[in-house]
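J.: So that we are looking at the same thing, I have put the structure below in structure tokens.
The values are calculated or read from the model by the stated rules, or taken from the named source; none is laboratory data. Note that the coordinates shown come from a computational prediction; the quantities given were computed from them, not determined experimentally. Cβ sites come from the backbone with ideal geometry, for glycine too, and all protein chains shown count toward neighbours.
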Amino acid sequence: MSQGETFSRLYTVSREHIAKHVSLEGTGILSTPSMIAFMEEASRIFLDGKLPESQTTVGVHIDVYHVAPALLGSQVEIRGRVLRDTGKRVVLWLEAWCGETLIGYAVHERAVIDKKEYASRIISMIATKMGG
């Protein structure tokens with residue numbers, strides 16, 4: 001990945017994405033965990049397109065601000081930019097937009113992993129019951 005490289009991905013706020021504790025009858029707003037999930041998924045999909053098939057990324061850190069609401073049914077665009085790529089870690093700047101309104105932003109770090117090695121590690125954890 002090149003520093004400064006950008007990407008974007010669109011999401012629609014549906015019922016499973018709303019913050020139920022502050023929703024009004026028949027409507028709702030995007031929850032912070034759902035906004036973060038959109039950011040993480042958009043980042044993973046972008047990075048997967050840049051890596052060999054044998055690799056993927058996992059999120060290791062996110063510092064996020066949720067600064068404005070997005071209503072049920074609205075479109076949210078996640079825009080990202082690569083800040084740093086060390087080969088083993090990628091740091092991204094992310095923004096969530098609903099129309100012309102910035103609703104959130106974050107710095108997100110993802111680790112590049114080998115899929116087979118990671119699967120072996122998980123299987124080993126399960127076998128030794130260290131995973132739970």
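J.: Tally time: how many residues in region 2-23 are of a type in the set (D, E, K, R) and modelled with pLDDT under 95?
T.: First pass over region 2-23, keeping only residues of a type in the set (D, E, K, R): 5, 9, 15-16, 20.
Now narrow it down to the ones that are modelled with pLDDT under 95: 15-16, 20.
Looking only at that region, the number is 3.
J.: Every residue in region 87-132 that is under 27 Å from Pro52 (Cβ atoms) and of a type in the set (S, T, N, Q), please.
T.: Ser120, Ser124
J.: If you don't mind, another one. Can you pull out the residues in region 1-24 that are in contact (Cβ under 8 Å) with a residue 60 or more places away in the chain, part of a strand (DSSP E or B) and either touching a helix residue (DSSP H, G or I) at 6+ places or on another chain (Cβ under 8 Å) or not polar (S, T, N, Q) (or both)?
T.: Those that are in contact (Cβ under 8 Å) with a residue 60 or more places away in the chain, part of a strand (DSSP E or B) and either touching a helix residue (DSSP H, G or I) at 6+ places or on another chain (Cβ under 8 Å) or not polar (S, T, N, Q) (or both): Phe7, Ser8, Arg9, Leu10, Tyr11.
J.: I would also like to ask the following. Does region 88-101 contain any residue that is within 30 Å of Ile122 (Cα to Cα), in a strand (DSSP E or B) and among the small types (Gly, Ala, Ser)?
T.: No: region 88-101 contains no residue that is within 30 Å of Ile122 (Cα to Cα), in a strand (DSSP E or B) and among the small types (Gly, Ala, Ser).
J.: Would you say Ser34 is in contact with a strand residue (DSSP E or B) (Cβ under 8 Å, 6 or more places away or on another chain), assigned to a helix (DSSP H, G or I), farther than 17 Å from Glu109 by Cα and touching a residue at least 12 places away in the same chain (Cβ under 8 Å)?
T.: Yes.
J.: Looking at Arg89, Arg84 in this structure, which one is at pLDDT 95 or above, closer than 15 Å to Glu5 by Cβ, out of contact with any His (no Cβ under 7 Å at 6 or more places or on another chain) and exposed (fewer than 15 other Cβ atoms within 10 Å of the Cβ)?
T.: Within the list Arg89, Arg84, the selection yields Arg84.
J.: Among the residues of region 51-63, are any in contact (Cβ under 8 Å) with a residue 24 or more places away in the chain, in a helix (DSSP H, G or I) and among the β-branched types (Val, Ile, Thr)?
T.: No: region 51-63 contains no residue that is in contact (Cβ under 8 Å) with a residue 24 or more places away in the chain, in a helix (DSSP H, G or I) and among the β-branched types (Val, Ile, Thr).
J.: Quick one: which of Val82, Val76 is touching a residue at least 60 places away in the same chain (Cβ under 8 Å), under 15 Å from Tyr11 (Cβ atoms) and of a type in the set (A, V, I, L, M)?
T.: From the options Val82, Val76, the qualifying one is Val76.
J.: I would also like to ask the following. Spot the failing condition for Thr27; the list is (1) in a strand (DSSP E or B); (2) surrounded by fewer than 16 Cβ atoms within 10 Å (Cβ to Cβ); (3) among the hydroxyl-bearing types (Ser, Thr, Tyr), and only one is missed.
T.: Status for Thr27: all satisfied but (1).
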